[in-house]
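The values are calculated or read from the model by the stated rules, or taken from the named source; none is laboratory data. These numbers come from a predicted model, not from an experiment. Neighbour counts are summed over all protein chains in view; Cβ atoms, including those assigned to glycine, are modelled from backbone coordinates with ideal geometry.
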Amino acid sequence: MNLLILSSSTGGGHNMRAYALRDWWKANGGKAMVSQPLETTFKLYKYGSDFYNFIQKYCPRFHLFYFFFLEFANLHRKKESIFGSAKWIREIIRFKPDVVVSVHAHLNHGYFQILKQNLPSEFKFVIYCGEMSDSLGFSRHWVNCDADYFLGPFSETCDAAIKRGMPVDKTLEVEPLLRSSFYKDLTRQEKDAILTKFEILPTKPILLLGTGANGVNKHLEVLSSLSKLQHNFQVVALCGENLEIYNKILLQKDKYDFKVLPLQIIDDYEMAILLESSKLFFTRPGAGSTTEAVVSGTPVIFDISGGVMPQERNNLNFWSSRSSGLITLKDPMDISKYISSSIPRVKIELGNSPIKLLTHLENLCN
C-alpha cells in the first residue's frame, strides 16, 4: 500500500512527524513518500513558510497577527485559489497513493480537492494533527468534514477538532507520532554508553538546553545565569543548525566553572537518551519538543522570551492540565532561580510503536 504524507517546513514538528510516519510505514513493508507542496510549488507559498520561520526565530509574539491573517485569508482553502500545482500533481499521480495523510493544517482542504480531482483511483484522506490541546492557536483549517478521518495524539486534540465541527465518528485518538527511539525501553547500559560518548558524567545532574528546527535558543543568556550558582551540574546545549551559537559556546565554554557541551544535530536515539537522563529541559513550547519531553518524563521549564506563538499556547494548556504546575520564563536569565526547585513533569507511557495509528491506516484499504 502506498502512503503519501503531506507536510510543511513551518517549524520543525510537522516534518518530524511526517518523516517518522514515513520510516514506520517503510519498516512495516509499505511504500511512503513525503511531499511539501507549500515549499516546492509556488514561490509565494515558499516565502510564506520562510516568513513563518523568520517570525518564530526573531519575534514570536508577532505570529499572533500572522496566524490570524492565515486563519481568515483562506489561501489554501479552495483548489481554485491554489497556484503552481500542475507539476506537483503529476508527481503524485506517478506515486499512486492509496492513503494520503496530511500533518499540516493548510494542506487539508484545497490540496485535498486537487488530489480528488486529479488522481485516477480512489484514495483515503486522513488528517493527523500533532497539536497537544486546544486554544486560540488551534487552527480551524485542521478540520475538514470531508476527510475520512481526523487522528490526534491526545483526547484534548480530538476534543478541539470535534468542537470545531469534526464528526465524532471520524475522530480518533491514536497516541503520539514520534521517531522510533522514543518507543524503546532504553537500558542503563545504553544510556551510559551515549553519555560516555559525549563525555557526560551519569552521576552529575544534566541540564539540557533545547533548540528549535530554526535554531531558536537563548543558550548564552542561560549559561550566563547559571554561572551565578553553585556548580553541581553539567549543561548540554543543543544547537542544531545554528552554527553561530555552537561556535560561540565552543569559544566560551572554558570560562564556566561547570562543564558545557554544545552539540549540533543529533539523532533520535541520542535525543531520547539525553531527555531521559536530564534533570531539566529548557525549551520553547513547540509540539515536537514538548511531546518528546512528555513521553520521556523530563521536567521542563518553557522559554517564552519574545512572546508565545498561538500554536505554542496549545501545548502550554496541555502541560497545565496534565502536570502539577507550569514554569515559563519571559527572561532566560531567570532560570537560575529554579534550578534547586522541583520542576513539573508529565509522563505518558508508549508501546513499542505507534501501533494504533499504523493499524488504522492499514485497515483503511482492507
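Among the candidates 167, 153, single out the residue that is surrounded by fewer than 20 Cβ atoms within 10 Å (Cβ to Cβ) and not assigned by TED's automatic domain parsing to the domain that holds residue 295. Step through it out loud before you land on a result.
Values: 153 fails: surrounded by fewer than 20 Cβ atoms within 10 Å (Cβ to Cβ).
Just a single option satisfies the conditions, and that option is 167.
Would you be able to say whether some residue in the range 138-149 is without any contact (Cβ under 8 Å) to a residue 12 or more places away in the chain and either surrounded by fewer than 17 Cβ atoms within 10 Å (Cβ to Cβ) or not assigned by TED's automatic domain parsing to the domain that holds residue 106 (or both)? If you could, list the steps in order and put the result at the bottom.
Taking the range 138-149 and keeping what is without any contact (Cβ under 8 Å) to a residue 12 or more places away in the chain, we get none.
Looking for residues that are without any contact (Cβ under 8 Å) to a residue 12 or more places away in the chain and either surrounded by fewer than 17 Cβ atoms within 10 Å (Cβ to Cβ) or not assigned by TED's automatic domain parsing to the domain that holds residue 106 (or both), one finds none in the range 138-149, hence no.
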**Study point:** Wholly within the range 109-214, strands (runs of 3 or more DSSP E) carrying at least 2 residues that are over 30 Å from residue 261 (Cβ atoms) and in contact with a helix residue (DSSP H, G or I) (Cβ under 6 Å, 6 or more places away or on another chain)
**Key:** 149-152, 171-173
**Study point:** Among (1) surrounded by fewer than 19 Cβ atoms within 10 Å (Cβ to Cβ); (2) aliphatic (A, V, I, L, M); (3) under 22 Å from the mean Cα position of the chain (by Cα) - the single one residue 161 does not satisfy
**Key:** (1)
**Study point:** Complete set of residues in the range 240-251 that are loosely packed, with under 15 Cβ neighbours inside 10 Å and either touching an Asp or Glu at 6+ places or on another chain (Cβ under 9 Å) or polar (S, T, N, Q) (or both)
**Key:** 247
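In the range 329-349, is there at least one residue being in contact with a Phe, Trp or Tyr (Cβ under 6 Å, 6 or more places away or on another chain) and either modelled with pLDDT of 95 or more or surrounded by fewer than 19 Cβ atoms within 10 Å (Cβ to Cβ) (or both)?
Initial filter on the range 329-349 (in contact with a Phe, Trp or Tyr (Cβ under 6 Å, 6 or more places away or on another chain)): none.
Checked the range 329-349: no residue is in contact with a Phe, Trp or Tyr (Cβ under 6 Å, 6 or more places away or on another chain) and either modelled with pLDDT of 95 or more or surrounded by fewer than 19 Cβ atoms within 10 Å (Cβ to Cβ) (or both).
Taking the range 269-311 as the region of interest, how many residues are of a type in the set (D, E, K, R) and buried (at least 24 other Cβ atoms within 10 Å of the Cβ)?
Step one: list which residues in the range 269-311 are of a type in the set (D, E, K, R), which gives 270, 276, 279, 284, 292, 303.
From what's left, buried (at least 24 other Cβ atoms within 10 Å of the Cβ): 284, 292, 303.
Number of matching residues: 3.
Among the listed residues 199, 173, identify the single one that is surrounded by fewer than 20 Cβ atoms within 10 Å (Cβ to Cβ) and at positive phi.
199
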Check your understanding: Tell me, which residue of the range 228-275 that is of a type in the set (Lys, Arg) and in contact with a Pro (Cβ under 9 Å, 6 or more places away or on another chain) is farthest from residue 218 (Cα to Cα)?
Key -> 253
